[in-house]
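The values are calculated or read from the model by the stated rules, or taken from the named source; none is laboratory data. Model, not experiment: these values are computed from the prediction. Quick reminder, even Gly has a Cβ in these numbers, built from the backbone with ideal geometry, and neighbours come from all protein chains shown. Please note that ligands, DNA and RNA were not included when accessible areas were found on the heavy atoms of the full protein model with its side chains. Shrake-Rupley method; radii C 1.70, N 1.55, O 1.52, S 1.80 Å.
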Amino acid sequence: MLQVNFIRNNREKVLAGLNKRNVKEDIFQAIEQILQLDDSRKSLKTELDQVNADRNRLSAEIGTMMKQGQKDAAEDLRKQVAKTKERSAEVETQLSETEEKLTELLYLIPNIPHESVPQGFGADDNEVYRDWPHPLPDLGDKAQPHWELASKYGVFDLELGVKITGAGFPVYRGKGARLERALINFFLDEATAAGYEEIMPPLMVNEDTARGTGQLPDKEAQMYFVERDNLYLIPTAEVPLTNIYRDVIIDLADLPIKMTGHTPCFRREAGSYGAHVRGLNRVHQFDKIEIVQIAHPEKSYEILMEMLEHVAALLGKLGLPYRILRLCGGDMGFTSALTFDFEVYSAAQKRWLEVSSVSNFETYQSNRMKMRFRDGKDIQLAHTLNGSALALARIVASILENNQSPEGVVIPEVLRKYTGFDILA
RNA sequence: GGAGGAAUGGCAGAGCGGUUGAUUGCAGCGGUCUUGAAAACCGCCGUACCGAGAGGUACCGGGGGUUCGAAUCCCUCUUCCUCCGCCA
């Protein structure tokens, strides 16, 4: 969430940013309420401190008197203390109510977009940041979509997934499972080579963790929830990885912190069945390798570009046609300040599929998480960034489609040492 | 799942209900000394909020309670350790 002081000191910037996101009028009203509530919070806090100071002083006096045996005088003071106690309880209630309301409203305010974020309402308004420089592959009309190729070569089985679990839970088999594992190993090796520490985090997280990265309270419906134990299945490794540094004051010398991890990702995607979600286009469980960085605020945009190039290099090595979009205000995630989406061209479906999202959250997550770094005497919030490098299901889909041939699906060169075979036939 | 024990500052480890935000050691930072380093010695060394400042308030796992006053007493939750049971 945003810091109240930031809102106060950058009011115009905040309003302009919200405008860029095309938020509703009530969000603008919330900004005004936040500033008012913060004012009352301050004066309530001042009063409470004063009352408590009085009480502490009186109590200390009573202590001294008791030692000196002046019982009667002490009795008078006790009555005075009783009054201050009443008052402090009253103010304290008001204060905590005010703080609660304040936090509630702050949760409603999305991150302020970076200046480079284009104005816009939705996917059509995104800016093509880097287009595919070559002609798009044209496989002709006989090209098969990945779900047909998958059945043909036994790569994955969605029907079986329905039997075992339900719709959207693919079962990878044989060479398909091996291809999946090859991609995981390839992506992890690439990330490790780029200096990211490999981490295997828990796949279920508690409420504090889900709140830290912004999945709660606004994206509650997206996550699977294990009610009995109050745990959420992670929608991305971003959640457990970033939260490693929740409530931590990091040493300046340790920045940037670079972490990577492979995890299955679970997404409910409620109510999103239909023509565009066939095959692996949208599933409830998929594997993803995530890269996360915790950065100095002055370095974070430089680092964002570094992460963008890391993802671009992966797609380059796989030989997949892709483009990079700079998301517009209306299409960007709630917590992000700047997001680049990577889309791979799926030659048989003749559409672009999102395979990665690389974002800088600036201090939006770190403020919630109280993730800070120490620069000498100075302590300030760190910037958090993350990106998919990469999301597997759709990469598999596009490899199948783009690399199909009469002989079978040709495995990209870089994966062959991991798969142990060079064609899916 | 059952029975006991524990939770204090980066770590270790004190703390009769009353000037204890908290003794001490280590680590860290600054300094003296040294050609440099080490050793020795001196000083500093938690976080947040309110306040122009002086200063104040809160926090000893989380939440609640007793009391004029709680790190210290009570309740509750969580986590860790030991033992038993179960188990990949």
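Observations on the model:
- Candidates A:Asn52, A:Asn22: the one that is outside any helix (DSSP H, G or I) and at pLDDT below 95 is A:Asn22.
- Selection from segment A:299-325 of residues that are free of Cβ contacts under 8 Å to residues at least 12 places away in the same chain and either among the acidic types (Asp, Glu) or buried (at least 21 other Cβ atoms within 10 Å of the Cβ) (or both): A:Glu302, A:Glu306, A:Glu309
- Selection within segment A:15-41 - among the charged types (D, E, K, R) and either within 12 Å of RNA strand B (Cβ to nearest atom) or open to solvent by 70 Å² or more (accessible area, probe 1.4 Å) (or both): A:Lys24, A:Glu25, A:Asp26, A:Asp38, A:Asp39, A:Arg41
- Complete set of residues in segment A:1-14 that are within 13 Å of RNA strand B (Cβ to nearest atom) and among the charged types (D, E, K, R): A:Arg8
- Among (1) at pLDDT 95 or above; (2) surrounded by fewer than 21 Cβ atoms within 10 Å (Cβ to Cβ); (3) not polar (S, T, N, Q) - the single one A:Phe187 does not satisfy: (2)
- Exactly one residue among A:Pro256, A:Pro235 is closer than 30 Å to A:Gln380 by Cα, open to solvent by 30 Å² or more (accessible area, probe 1.4 Å) and away from RNA strand B (no atom under 16 Å from the Cβ), and that residue is A:Pro256.
Here's the yes/no breakdown for (1) at pLDDT 95 or above; (2) farther than 24 Å from A:Asp208 by Cβ; (3) crowded, with 19+ Cβ neighbours inside 10 Å; (4) not assigned by TED's automatic domain parsing to the domain that holds A:Asp208:
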| residue | (1), (2), (3), (4) |
| --- | --- |
| A:Val358 | yes, yes, yes, no |
| A:Phe361 | yes, no, yes, no |
| A:Arg368 | no, no, yes, no |
| A:Gln380 | no, no, no, no |
| A:Leu385 | yes, no, yes, no |
| A:Ala397 | no, yes, yes, no |
| A:Asn402 | no, yes, yes, no |
| A:Pro406 | no, yes, no, no |
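- Here A:Leu106 clears all of (1) touching a residue at least 40 places away in the same chain (Cβ under 8 Å); (2) of a type outside the set (S, T, N, Q); (3) within 8 Å of RNA strand B (Cβ to nearest atom) except the condition numbered (3).
- Members of segment A:143-175 that are farther than 19 Å from A:Gln404 by Cβ, open to solvent by 80 Å² or more (accessible area, probe 1.4 Å) and not hydrophobic (A, V, I, L, M, F, W, C): A:Glu159, A:Lys163, A:Thr165
- All helices (runs of 4 or more DSSP H) inside segment A:345-424 with 2 or more residues being farther than 29 Å from A:Leu241 by Cβ and more than 16 Å from RNA strand B (Cβ to nearest atom): A:392-402
- Test: residue in segment A:68-90 that is under 30 Å from A:Arg326 (Cα atoms), among the aliphatic types (A, V, I, L, M) and either without any contact (Cβ under 8 Å) to a residue 60 or more places away in the chain or assigned to a helix (DSSP H, G or I) (or both): no
- Unique match (being assigned by TED's automatic domain parsing to the domain that holds A:Ile395, at pLDDT 90 or above, aliphatic (A, V, I, L, M) and under 30 Å from A:Val171 (Cα atoms)) among A:Ala270, A:Ala313: A:Ala313
- Residues that are more than 7 Å from RNA strand B (Cβ to nearest atom) and of a type in the set (D, E, K, R) within segment A:42-66 comprise A:Glu47, A:Asp54, A:Glu61, listed in sequence order.
- Residue count, segment A:70-89 (criterion: open to solvent by 90 Å² or more (accessible area, probe 1.4 Å) and under 25 Å from A:Lys42 (Cα atoms)): 3
- Test for A:Gly63: is it at negative phi, exposed (fewer than 14 other Cβ atoms within 10 Å of the Cβ), part of a helix (DSSP H, G or I) and outside the structural domain of A:Met371 (by TED's automatic domain parsing): yes
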